Amino acid sequence: MSGYVGRLAPSPTGALHLGNVRTFMIAWLRARSAGGKVVFRMEDLDHPRDKPGAAVAAVEDLRWLGFDWDEEYVQSERRDIYRAALARLDAYPCVCSRQDVERAQSAPHDGEQLFYPGTCRGRFTSWDEAASACAPRTPCWRFRVPDDATVSFDDVFAGPYSQNVARTLGDFPLARDPDGAGYTLAATVDDALMGVTEVVRGDDLLPATPPQILILNSLGYKPPAYCHVPLVVGTDGRRLAKRHGDTRIASFREAGIRPEEVIGWLAATCGWNTKKTPTRLQNLVGRCLLETIPHEAVVWRGTFT
Ligand code: GLU
């Protein structure tokens with residue numbers, strides 16, 4: 001195996017659909033085409049939004065489509081690791097609203113990141129003091145963002161990207177409580193510990209990357225390469241959702257569509273299969289050029305043909 005390590009990191013917040021799978025296809029093919037390893041990581045820390053059965057269903061859908069992986073992890077079994085990482089970061093307890101705390105749990109899709117003005121910075125000397133100030137609620141932990149925190153990186157697909165985290169986001173949330181790591185902390189620490197060399201994910205997470213790089217820098221890890229690819233949208237230009245019809249992989253399977261048809265269409269959206277010929281995922285290894293992937297979002301028009 002080469003040194004490339006890629007990852008598939010679904011959240012069990014709903015069924016896998018064409019949008020998730022296109023990104024996973026690119027991620028998997030980048031790894032396999034490089035002769036590298038694929039890590040599968042279930043990101044199941046998002047309790048209010050996680051759906052029972054969705055984790056098992058995601059694995060079933062991915063296997064049906066032809067995905068495989070070399071290592072498998074479940075984030076809810078790794079809380080000690082995130083707690084230890086949190087203890088090494090410059091973080092402080094914050095008693096601000098419940099919404100802020102909930103936001104700490106999820107990957108910030110749909111541009112839902114909010115600026116935090118540092119209200120609780122320097123306000124409490126300990127977690128216990130903050131906890132008694134907001135009981136019965138619990139405080140969250142926030143990362144103390146350095147004043148001059150401009151993070152720049154060269155995205156493998158999206159190109160140069162730069163963000164002043166202090167001005168755009170402020171001190172972002174890391175954990176719901178000392179044991180409640182959210183997406184940003186857990187995914188970042190995992191990417192480092194799992195040796196991921198390239199993160200391939202949807203470009204709605206581009207703005208989530210600079211905070212992750214700040215965490216990596218603080219913990220002394222070298223950031224991986226990032227490759228943010230466009231999403232699949234409906235004909236109204238909005239991110240694929242229920243209103244665009246049923247695009248769940250399980251529904252296609254139940255309707256008698258073959259995995260080769262799904263992969264064939266997805267490969268066509270990347271410019272690798274101009275005729276939309278049904279094809280197996282495995283057959284695309286070595287043919288997944290980033291250069292032919294359009295920089296615009298892909299439109300799902302309700303049919304694979
Ligand atoms: N589990 C995240 C999601 O599905 C993916 C985040 C990532 O790839 O970093 O939203």
Query - Cβ crowding within 10 Å averaged over residues, with 276-282, 183-189, 91-97 ranked highest first - result: 183-189, 91-97, 276-282
Query raised in the report: Hey, if you drop one equal point scatterer on each alpha-carbon of the stretch 240-304 and run the Debye formula without solvent, what base-10 log of I(q)/I(0) do you get at q = 0.16, 0.17 Å⁻¹?
Result: -0.57, -0.64
**Report entry** Cα-based Rg of the stretch 129-182 normalised by 2.2 N^0.38 Å, two decimals
**Finding:** 1.54
Requested in this report: Starting from the Cα gyration tensor of the stretch 30-93, take the square roots of the eigenvalues, sort them a ≥ b ≥ c, and report rounded, prolate or oblate (rounded when a/c is under 1.5, otherwise prolate if a/b is larger than b/c, else oblate).
Outcome: oblate
Report task. With N denoting the number of residues in the chain, provide Rg(C-alpha) divided by 2.2 N^0.38 Å, to two decimal places. Result -> 1.02
Report task. Taking the Cα centre of the chain as origin, work out the dipole magnitude from +1 charges on Lys and Arg Cβ and -1 charges on Asp and Glu Cβ, in debye rounded to 20. Result -> 560
Requested in this report: For a quick protection proxy, order the peptides 11-21, 240-250 by their average other-Cβ count within 10 Å, most packed first.
Outcome: 11-21, 240-250
Query raised in the report: If amide H atoms are built 1.01 Å from N in the plane of the peptide, which residues on other chains or at least 5 residues away come under 5 Å of the amide H of Leu231?
Result: Asp203, Val298
Query raised in the report: Which loop-located GluC sites (Glu not before Pro) does the stretch 250-305 contain, where loop means any DSSP state but H, G, I, E or B and the Cβ has at most 11 other Cβ atoms within 10 Å?
Result: Glu296
**Report entry** Net dipole in debye of the stretch 148-278 [+1 Lys, Arg Cβ; -1 Asp, Glu Cβ; about Cα centre; nearest 20]
**Finding:** 560
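All of the numbers you see were taken from the coordinates with simple rules; none came from a lab. Small disclaimer: the values here were computed from a predicted structure and weren't measured. Ideal geometry is used to build each Cβ from the backbone, glycine not excepted, and the neighbour counts take in all protein chains shown.
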